[in-house]
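The values are calculated or read from the model by the stated rules, or taken from the named source; none is laboratory data. Quick caveat: nothing in here was measured; it's all calculated off a predicted structure. Virtual Cβ from ideal backbone geometry, glycine too; neighbours counted across all protein chains shown. Just the protein is used for accessible areas: all its heavy atoms, side chains included, with ligands, DNA and RNA removed. Shrake-Rupley method; radii C 1.70, N 1.55, O 1.52, S 1.80 Å.
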Amino acid sequence: MPQRDLVLVLATAAIVVSLIVQGFTLGPLARLARFGRAGPGDPVGPGHEETMARVRLAAAGLARLDELAEDDAAPDAVIDRLRVVLQARIGDIRARTDHDPGSAPQALTERELRGELIAAENAELARLFDTGAIGAATEHRLQRGLDLELTRLAEGPR
């Protein structure tokens, strides 16, 4: 076959170019067609499912807490503290998902404040351990709790 090398180069080039062009346009085309979403009104973002699950988990916890409160299963002070924690969790999640431009700086300020409080607690824990007021086992348990709280704080906005 005459010009066999030219035919092979042109065929290979056509295949490579068509694959590259189709590969680069597939993502934008899928987003434009809204594949992977149930409908046009759905929120954007891969973390929406987790966020909605977190709100529902906290709401279920509040509902169960109300049932326990009616049965007098725990002291009112304990129930009230847990209710405040769950309501704050729901509020934090909703504040992060709220697209109001004024809500983001407030949430950031609260996170910074909580970080400062954890840092102060860490410093006091180190001072208590260094002065011998608490033992190593107590220091490790308290440090673990502070580390977990700091991790939760770092995971904040998703």
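Would you confirm whether or not segment 88-107 contains a residue that is open to solvent by 100 Å² or more (accessible area, probe 1.4 Å), at pLDDT 85 or above and out of contact with any Phe, Trp or Tyr (no Cβ under 8 Å at 6 or more places or on another chain)? Within segment 88-107 (the criterion being open to solvent by 100 Å² or more (accessible area, probe 1.4 Å), at pLDDT 85 or above and out of contact with any Phe, Trp or Tyr (no Cβ under 8 Å at 6 or more places or on another chain)), the answer is no, since none of the residues qualifies.
Scanning segment 65-86 for residues that are under 29 Å from the mean Cα position of the chain (by Cα) and open to solvent by 100 Å² or more (accessible area, probe 1.4 Å) gives a single hit, Arg81. Val7 satisfies every condition listed in (1) modelled with pLDDT under 90; (2) surrounded by 11 or more Cβ atoms within 10 Å (Cβ to Cβ) except (1). Residue count for segment 81-98, restricted to those that are closer than 17 Å to Ala63 by Cβ, without any contact (Cβ under 8 Å) to a residue 24 or more places away in the chain and not basic (Lys, Arg): 5. Note on segment 117-144: residues that are outside any helix (DSSP H, G or I) and not hydrophobic (A, V, I, L, M, F, W, C) amount to 3. Whenever a residue of segment 121-145 is among the charged types (D, E, K, R), its partners that are part of a helix (DSSP H, G or I) and surrounded by 10 or more Cβ atoms within 10 Å (Cβ to Cβ), lying with C-beta atoms within less than 7 angstrom and at least six residues away or across chains, give the pairs Glu121/Leu146; Glu139/Leu125; Glu139/Phe129.
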